[in-house]
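Visitor: Here it is: the structure, laid out below.
The values are calculated or read from the model by the stated rules, or taken from the named source; none is laboratory data. Keep in mind it's a predicted model, so treat the numbers as computed, not measured. All Cβ positions, glycine included, derive from the backbone under ideal geometry; neighbour counts span all protein chains shown. Surface areas here come from the heavy atoms of the whole protein model, side chains and all, with no ligands, DNA or RNA. Shrake-Rupley method; radii C 1.70, N 1.55, O 1.52, S 1.80 Å.
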Amino acid sequence: MELPKFYTDLVNAVVSRAAVFVILSSVGLVLAMKYYRVLTKPKVAGPIGLGAAFLLFISFFDPQFKTVATLPDNVPIIMMVASVTFFVWVAFRQMALNDERLEKGLPPKEAEAGEVQKTFVWPDLVYIEFICLILFTVFLTVWSIALKAPLEQPANPAKTPNPSKAPWYFLGLQEMLVYFDPWIAGVLLPTMIITGLMMLPYIDKNPKGNGYYTFKERKFAISIFMYGFVVAWVLLIFMGTFLRGPNWNFFGPYEPWDIHKLEPLTNVNLSEIIYLQVLGVGMPRNWFIREIWGILLVLGYFVAMPGLLARFVPMFREFYKQLGMIRYSVFIVHLLVMGGMLIKMLLRWTINLKYLVGIPEYFFNI
Amino acid sequence: MAEVKAPEPPASSAPEPGKRKGSLLEQLWNGQIWTSIFRHGMPDTPRNRTLAIMSNVFLHLHPPKIRRSGIRMKYTWCMGGLTFFLFLVETLTGVLLMFYYRPTAEFAYADIVSLREDIPLGIMREIHRWGAHAMVITVWLHMMRVFLTGSYKPPREFNWNVGVILLVLTLLLSFTGYLLPWDQLAMWAVTVGTNMARATPVVGHEGPGASLLKLGDISLVHAGSDVRYALLGGRFVAPAALLRFYVLHCVAFPLAAATLMAVHFWRVRKDGGVSGPM
Ligand code: HEM
C-alpha cells in the first residue's frame, strides 16, 4: 500500500522549509497553552492523540519516512516525542483541574486532607517502585530482542557520510549551526542552556506553584520553559532527524532524500546590505567601520534593551525590583539570547541574512 | 522520626509462648538466618514498616513515611526513580560489556561484532544502548516534571542544580559511549560533536579571540594545542580519542554521576521529601 499522492504532496508542500516547521510548531504551542483547559480534557485530548498516532502509523507506508524512522537509533526519537507529548498532557491536565479549583477558592488537589496525610513507604511506595522496575525491565528486554543495536561499516576517516549527524540529543544544536557560527551554536548556546537552568531557582521569585501543578499562577515561567524545551529542543531534534537530509538540506517528511537537491545560497551580511544595497558605496576597508552598524545593533539589543524593558514594560519593571541589578541582568541576557535565536532564524528566512556582525578576521561572527 | 532504636530482638512478630507457631512464612521470617539479615518482623505493623525502611541501607534512601501526594504516579511519574534504575542497568550491562571489549582501533569494532555473533545472552549491547537512550529521555522528562511542579523553588534550589549537573553528565556519558563501537556512525557523530570545540572562544583554534593569544609570531592556540586537541588526544577522532572516551565513559563520568546521585537523593530527603504544597 502507498499513501495517496495528494496527501503526501500536501504535507510536503506545507512542511517545505525549516521556517514553516518552526513557525507552525511555535504557533501550535502558543495555541495549545492558550486553550489548555479545553484541549487537555480527555474527550478532546483522546481523539487528538489517536489522530496523531494514526498519522504516525500511516506515515510508515511511505518508503522515505519508513527508512528514516526505522533506523535503530531513530526509534528512541519517536518514543521521545510520544512520551514528551503524553507527559505534557498529564501535567497540563492536572494544571487545568487545579487551576479550576484555585479559581473556586479551593486548595490544589495535592493539598487535600487525604493527600497531605503521610503514608508508609513500605509497602505503599516500595511496591510502586517495584512494579515500575519490573515493567521497565520487561519493556527494555523486549525492545532489545526486537531491535538490534546499529553497527555500520568500521570507522573510516576517509569516508564522510552525508548527512553527518551528531547524536540525536544534540541535533537541536546542530540545527543552530545553520544560523550561527560554531562558537555560538556549539559553545555559547549549550553553555547558556546549562547556566540558564542553573540560575533558574534564583531568578524565579514567584513563591506560588511550589509543589503542585498549576499554570495560572506561573504562566510566564512555564511558557518560557515549554518554548525552550518543547519547541527549541524536542521539535528541533525531530526536525534534525526526519526533515534534514543530505547536505543538511530541508526535506518534507515524505520527500525522498535527493543528494543533488540544491538550495540557493544567497545569504548576505548586514554590512553588505547597508553598504552595497542601501548606500551603494562599496565595502569599507576597515573592519570596524564595516561592522559598526551590526555592532551597534547587537549592543543595543543586549545593553539598551534590558534597560528599556525594565523602565517601560510593567512586567519587567517588576522583575527588576524583585531581582536587583545583577540578577536581572543575568536573567535578561539569557532571555534575550533565547529570543535572539528566534530573531536570527527569522532574519535568515526572510532577508537571507548571514551575519549581523561578520568579522572573519577574528573568527567573530554573530 | 530519626530516633528509632535498633530492634533487639524483633518485638511484635516473635511468637508468644504457648501460641501456635504460625504459617511457614512467619516461621521463616522469625528464623535465625532471616532475623540476622533483616532486623525487623513482618512489615505489617507501623513499627515494622518503619524498620523495614530504616534498617535497610538501600531502602533508607526513603523516609519511613511520606505524604500521599508525593507517591502518586501522576505526580512524579516515577521518572527520577526510573532514571536511577536505568543508571543501575547501564552499570550492570556496562560491566558485562567491559569483559569483552578492548578500546583500541585494532580490536574495538571486531569485539562489538563478536558481542552479537559469539557471545551468549547476546542482547547485552542492545540493553546497554537502548537503556542509554531511554535514560536520556527519562532524565529530560524528570526535569520537566520537576519544573512543572515548581519543585526547584526554595528549599530545593540546590538540588535542582545537582540535577542539572546530572543531566549534563547523562548526556556526556551517552556521548562518550557513542564512539566506542568505532564504526562510521560513531566516528562521524563524534566528529560533528567535537568539531564545535574548535570554535570555543579563546581556547579553540577557530574560536573568536584565539588569534590574539600570541607570543611574538607564535600563536599559542592552534590545532595541535587547543581544547579539541585535549579532548581527543589528537587533531582527529583517532585511536587516542577512543581510549580517552573509553576511560571517561567507563570510569570518570560514572563515578561522578554516582557520587552526585548520592548527594541528589540525600538532598531530596533533607529538603523535606518529594515536594508538595506548603
Ligand atoms: C541522573 C539523573 C537523575 C536521577 C537519577 C534523579 C533522581 C531523582 C529521584 C529518584 C528523585 C525523587 C523524586 C522523583 O522521582 O521525582 C528526584 C527528585 C528531584 N530531582 Fe532528580 N534525578 C536526576 C536528574 C535530575 C535533573 C536533571 C534535575 C533538574 C534539572 C533534577 C532535579 C530534581 C529535584 C529538584 C528533585 C526534588 C523534586 C521534588 O522534591 O519534588 N534531577 N531525582
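Visitor: Kindly list the number of the only condition in (1) at the interface with chain A (Cβ under 7 Å from one of its Cβ atoms); (2) surrounded by fewer than 16 Cβ atoms within 10 Å (Cβ to Cβ) that fails for B:Leu148.
Guide: The number of the failed condition is (2).
Visitor: With surrounded by fewer than 22 Cβ atoms within 10 Å (Cβ to Cβ), within 18 Å of B:Leu173 (Cα to Cα) and of a type in the set (Phe, Trp, Tyr) as the only criterion, which of B:Phe107, B:Phe99, B:Phe85 stands out? Full working, then the answer.
Guide: Values: B:Phe107 fails: within 18 Å of B:Leu173 (Cα to Cα); B:Phe99 fails: within 18 Å of B:Leu173 (Cα to Cα).
It is B:Phe85.
Visitor: Of the numbered conditions (1) assigned to a helix (DSSP H, G or I); (2) over 21 Å from B:Leu86 (Cα atoms); (3) free of Cβ contacts under 8 Å to residues at least 40 places away in the same chain, B:Leu242 fails exactly one; give the number of that condition.
Guide: (3)
Visitor: Please work out which one of (1) crowded, with 22+ Cβ neighbours inside 10 Å; (2) at the interface with chain A (Cβ under 7 Å from one of its Cβ atoms); (3) touching a residue at least 24 places away in the same chain (Cβ under 8 Å) is the condition B:Leu171 fails and give its number.
Guide: (1)
Visitor: While we're looking at this one, here's another question. Yes or no: the stretch A:67-81 includes at least one residue that is in a loop (DSSP other than H, G, I, E, B) and either β-branched (Val, Ile, Thr) or open to solvent by 30 Å² or more (accessible area, probe 1.4 Å) (or both). Spell out how you get there, then give the answer.
Guide: Filtering the stretch A:67-81 down to residues in a loop (DSSP other than H, G, I, E, B) leaves A:70-71.
Now restrict to residues that are either β-branched (Val, Ile, Thr) or open to solvent by 30 Å² or more (accessible area, probe 1.4 Å) (or both): A:70-71.
The answer is yes; a qualifying residue exists.
Visitor: How do the helices (runs of 4 or more DSSP H) wholly within the stretch A:273-366 filter down when requiring 1 or more residues that are open to solvent by less than 30 Å² (accessible area, probe 1.4 Å) and closer than 30 Å to A:Asn206 by Cβ: which remain?
Guide: Numbers: elements: A:287-299, A:305-312, A:314-351.
Hits in the stretch A:273-366: A:305-312, A:314-351.
Visitor: Is at least one residue of the stretch B:163-174 more than 8 Å from the ligand (Cβ to nearest atom), at pLDDT 95 or above and hydroxyl-bearing (Ser, Thr, Tyr)?
Guide: Within the stretch B:163-174 (the criterion being more than 8 Å from the ligand (Cβ to nearest atom), at pLDDT 95 or above and hydroxyl-bearing (Ser, Thr, Tyr)), the answer is yes, since at least one residue qualifies.
Visitor: While we're on this one: From the set of residues in the stretch B:210-220 that are over 14 Å from A:Pro182 (Cβ atoms) and within 11 Å of chain A (Cβ to nearest Cβ), which is surrounded by the most Cβ atoms within 10 Å (Cβ to Cβ)?
Guide: Pass one, the stretch B:210-220, residues over 14 Å from A:Pro182 (Cβ atoms): B:211-220.
Imposing the further condition that a residue be within 11 Å of chain A (Cβ to nearest Cβ) reduces the set to B:211-212.
On the way: B:Ser211: 18, B:Leu212: 11.
Filtering first and then ranking leaves B:Ser211.
Visitor: Moving on to the next point. How many residues does the stretch B:78-100 contain that are in contact with a helix residue (DSSP H, G or I) (Cβ under 8 Å, 6 or more places away or on another chain), among the aromatic types (Phe, Trp, Tyr) and at pLDDT below 95?
Guide: From the stretch B:78-100, those in contact with a helix residue (DSSP H, G or I) (Cβ under 8 Å, 6 or more places away or on another chain) are B:78-87, B:89-91, B:93-94, B:96-98, B:100; that's our starting set.
Among the residues that remain, those that are also among the aromatic types (Phe, Trp, Tyr) are: B:84-85, B:87, B:100.
Among the residues that remain, those that are also at pLDDT below 95 are: B:100.
Counting residues in the stretch B:78-100 that are in contact with a helix residue (DSSP H, G or I) (Cβ under 8 Å, 6 or more places away or on another chain), among the aromatic types (Phe, Trp, Tyr) and at pLDDT below 95 gives 1.
Visitor: How many residues are open to solvent by 40 Å² or more (accessible area, probe 1.4 Å) and of a type in the set (A, V, I, L, M) when one looks only at the stretch B:221-255? Give the steps one after another, and end with the answer.
Guide: Here is the first cut: in the stretch B:221-255, the ones open to solvent by 40 Å² or more (accessible area, probe 1.4 Å) are B:222, B:225, B:227, B:229-231, B:235-236, B:239-240, B:243-244, B:247-248, B:251-252, B:255.
From what is left, the residues that are of a type in the set (A, V, I, L, M) are B:227, B:230-231, B:240, B:243, B:247-248, B:251-252, B:255.
Total meeting the criteria: 10.
Visitor: Still on this structure, please answer the following. Using beta carbons and a limit of 6 Å, which pairs, at least six apart or on different chains, have the first residue in the stretch A:103-118 and farther than 18 Å from B:Met73 by Cβ and more than 7 Å from every other protein chain (Cβ to nearest Cβ) and the second one in a helix (DSSP H, G or I) and modelled with pLDDT under 85?
Guide: Final answer for the pair search is none.
Visitor: Restricting the first residue to the stretch A:290-319 and requiring it to be touching a residue at least 24 places away in the same chain (Cβ under 8 Å) and among the acidic types (Asp, Glu), which pairs with a second residue that is assigned to a helix (DSSP H, G or I) and open to solvent by less than 70 Å² (accessible area, probe 1.4 Å) meet a Cβ separation below 8 Å and a spacing of at least six or different chains?
Guide: A:Glu291/A:Ser271
Visitor: Let me ask something additional. Can we say B:Val203 is among the hydrophobic types (A, V, I, L, M, F, W, C), modelled with pLDDT under 95 and closer than 25 Å to A:Val187 by Cα? If you could, list the steps in order and put the result at the bottom.
Guide: Working: among the hydrophobic types (A, V, I, L, M, F, W, C): yes; modelled with pLDDT under 95: yes; closer than 25 Å to A:Val187 by Cα: yes.
The answer is yes for B:Val203.
Visitor: Can you tell me which residue among A:Lys148, A:Lys159, A:Lys165, A:Lys219 is more than 8 Å from every other protein chain (Cβ to nearest Cβ) and either more than 16 Å from the ligand (Cβ to nearest atom) or not charged (D, E, K, R) (or both)? It would help to see each step written out before you state the result.
Guide: On the way: A:Lys148 fails: more than 8 Å from every other protein chain (Cβ to nearest Cβ); A:Lys159 fails: more than 8 Å from every other protein chain (Cβ to nearest Cβ); A:Lys165 fails: more than 8 Å from every other protein chain (Cβ to nearest Cβ).
From the options A:Lys148, A:Lys159, A:Lys165, A:Lys219, the qualifying one is A:Lys219.
Visitor: Of all residues in the stretch A:74-102, count the ones that are more than 7 Å from every other protein chain (Cβ to nearest Cβ) and hydroxyl-bearing (Ser, Thr, Tyr).
Guide: Here the count works out to 1.
Visitor: On to the next question. Here are some conditions: (1) under 24 Å from A:Ile224 (Cα atoms); (2) touching a residue at least 40 places away in the same chain (Cβ under 8 Å). A:Ser83 meets all but one. Which one does it not meet?
Guide: Going through (1) under 24 Å from A:Ile224 (Cα atoms); (2) touching a residue at least 40 places away in the same chain (Cβ under 8 Å) one by one, A:Ser83 breaks only (2).
Visitor: Mind checking which residues of the stretch B:119-157 are more than 14 Å from the ligand (Cβ to nearest atom), outside any helix (DSSP H, G or I) and charged (D, E, K, R)?
Guide: Hits for the stretch B:119-157: nothing passes.
Visitor: Please go through (1) more than 14 Å from the ligand (Cβ to nearest atom); (2) touching a residue at least 40 places away in the same chain (Cβ under 8 Å) for A:Val187 and return the number of the only condition it doesn't satisfy.
Guide: The failed condition is (2).
Visitor: Does the stretch B:245-257 hold any residues that are within 16 Å of the ligand (Cβ to nearest atom) and without any contact (Cβ under 8 Å) to a residue 12 or more places away in the chain, and which are they? Walk me through how you get there before you give the answer.
Guide: Initial filter on the stretch B:245-257 (within 16 Å of the ligand (Cβ to nearest atom)): B:249, B:252-257.
Within the stretch B:245-257, B:Ala252, B:Leu255 qualify.
Visitor: Note down all Cβ pairs under 8 Å where the first residue falls in the stretch A:152-168 and is of a type in the set (Gly, Ala, Ser), the second is assigned to a loop (DSSP other than H, G, I, E, B) and surrounded by 12 or more Cβ atoms within 10 Å (Cβ to Cβ), and they're at least six residues apart or on different chains.
Guide: Matching pairs, first to second residue: A:Ala155/B:Ala105; A:Ala155/B:Trp182; A:Ala155/B:Val237.
Visitor: So, restricting to helices (runs of 4 or more DSSP H) that lie completely within the stretch B:24-83, which ones have at least 3 residues that are within 16 Å of the ligand (Cβ to nearest atom)?
Guide: In the stretch B:24-83, B:68-71, B:73-76 are the helices (runs of 4 or more DSSP H) which contain 3 or more residues that are within 16 Å of the ligand (Cβ to nearest atom).
Visitor: Right, another one. Which one of the conditions (1) open to solvent by 30 Å² or more (accessible area, probe 1.4 Å); (2) more than 30 Å from A:Ala185 (Cβ to Cβ); (3) within 12 Å of the ligand (Cβ to nearest atom) does B:Asp271 fail to meet, given that it meets all the rest?
Guide: Failing condition for B:Asp271: (1).
Visitor: Within the stretch A:99-119, which residues are touching a helix residue (DSSP H, G or I) at 6+ places or on another chain (Cβ under 6 Å) and open to solvent by less than 40 Å² (accessible area, probe 1.4 Å)?
Guide: A:Asp99, A:Pro108, A:Glu110, A:Glu115, A:Thr119
Visitor: What's the total number of residues in the stretch B:84-103 that are aromatic (Phe, Trp, Tyr), within 10 Å of the ligand (Cβ to nearest atom) and either within 11 Å of chain A (Cβ to nearest Cβ) or assigned to a loop (DSSP other than H, G, I, E, B) (or both)?
Guide: In the first step, residues of the stretch B:84-103 are kept if they are aromatic (Phe, Trp, Tyr); the result is B:84-85, B:87, B:99-101.
Adding the requirement that they be within 10 Å of the ligand (Cβ to nearest atom) leaves B:84-85, B:87.
Then keep just the ones that are either within 11 Å of chain A (Cβ to nearest Cβ) or assigned to a loop (DSSP other than H, G, I, E, B) (or both); that gives B:84-85.
Number of matching residues: 2.
Visitor: Another question, then. Mind listing just one residue for me: the one in the stretch B:181-197 that is more than 7 Å from every other protein chain (Cβ to nearest Cβ) and crowded, with 22+ Cβ neighbours inside 10 Å and, of those, nearest to A:Pro182 (Cα to Cα)?
Guide: B:Ala197
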